[in-house]
Amino acid sequence: MTIFAAAQHYAESDTPLVVIGGKEYGTGSSRDWAAKGVALLGVRAVLVESFERIHRSNLIGMGILPLQFSDGDSAESLGLEGNEQFSIEPVERGQKSTQMTVTKVDGSTLTVDLTVRIDTANEFTYYEHGGILHYVIREYLKA
């Protein structure tokens, strides 16, 4: 099954997706379009070792939660293979960390501490509205 077929399957079952990446996630010249693409595929959070600065901001602009592993943690060190179920604690304004519970295929669970990479109040405003477009439309409708 291709990533697009899998994404369609999860979208039809209303299952949000998580992207797991490594270091400098989002580096490249098409990072703004990359953020739009993952949003369209139903991704709700990106969990990585580190972000490319602008791509992290673009993810927030699309309503995607940017999360970073704690120092020394990675998908590899935690044994994540991509077939797990993830439960991420809700994030509130000003919150700098959160926890995620990972349920592996064998039924075992793992609790992971994560850094929330919403770095400014404006970024949180965009995130809580589901992205910058949703925020702008709501502000327009208020006027």
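A simple charge model with +1 on the Cβ of Lys and Arg, -1 on the Cβ of Asp and Glu and nothing else charged puts the dipole of the chain at about 520 debye relative to its Cα centre. Paramagnetic label reach from E12 (point 7 Å along Cα→Cβ; backbone nitrogen cut-off under 19 Å): within the stretch 42-69, residues 42-43. Sparse packing (at most 11 other Cβ atoms within 10 Å of the Cβ) combined with a DSSP loop state is found for the following trypsin sites (Lys or Arg not before Pro) in the stretch 81-143: R93, K96.
Contact order for the stretch 4-56, expressed relative to its length and based on alpha carbon pairs under 8 Å spaced 6+ residues apart, stands at 49 percent. Within a straight-line Cα-Cα reach of under 27 Å, K23 can be paired with the following lysines, leaving aside sequence neighbours fewer than 8 residues apart in one chain: K36, K96, K104. The longest part of the chain holding none of the exposed loop GluC sites (Glu not before Pro), meaning those outside H, G, I, E and B in DSSP with at most 14 other Cβ atoms within 10 Å, is 25-80.
Note that the stretch 101-113 has calculated 3J(HN,Hα) couplings of 9, 10, 10, 7, 4, 7, x, 6, 10, 9, 9, 10, 7 Hz, one per residue in order, obtained from phi through the Karplus relation 6.51 cos²θ - 1.76 cosθ + 1.60 (θ = phi - 60°); glycine and proline are x.
For the chain, the longest principal axis of the alpha carbon atoms and the long axis of helix 31-40 meet at an angle near 80°.
Each of P66, A39, L17 was scored by the projection of its Cα onto the charge dipole of the stretch 1-70, and the greatest displacement toward the positive side belongs to P66; charges sit on the C-beta of Lys, Arg, Asp and Glu. Note on the stretch 51-125: with charges restricted to the Cβ of Lys and Arg (+1) and Asp and Glu (-1), its dipole about the Cα centre is near 300 debye. Each Cα pair under 8 Å and six or more residues apart adds its sequence gap; the mean of these over the residue count of the stretch 4-120 is a relative contact order of 21 percent. Counting only protein heavy atoms and a 1.4 Å probe, the chain has 61 square angstrom of accessible area per residue.
Were the residues from A75 through T115 laid out at 0.36 nm apart, the gain over their Cα-Cα distance would be 12.9 nm. Remind me, relative contact order of the stretch 27-88 in percent, using alpha carbon pairs under 8 angstrom and six or more residues apart? Once normalised by length, the contact order is 33 percent.
The values are calculated or read from the model by the stated rules, or taken from the named source; none is laboratory data. Everything numeric in this text was worked out from a predicted model, so none of it was measured. Note: ideal-geometry Cβ built from the backbone for every residue, glycine included; neighbour counts use all protein chains shown. With ligands, DNA and RNA removed, areas are computed over all heavy atoms of the protein, side chains included. Shrake-Rupley method; radii C 1.70, N 1.55, O 1.52, S 1.80 Å.
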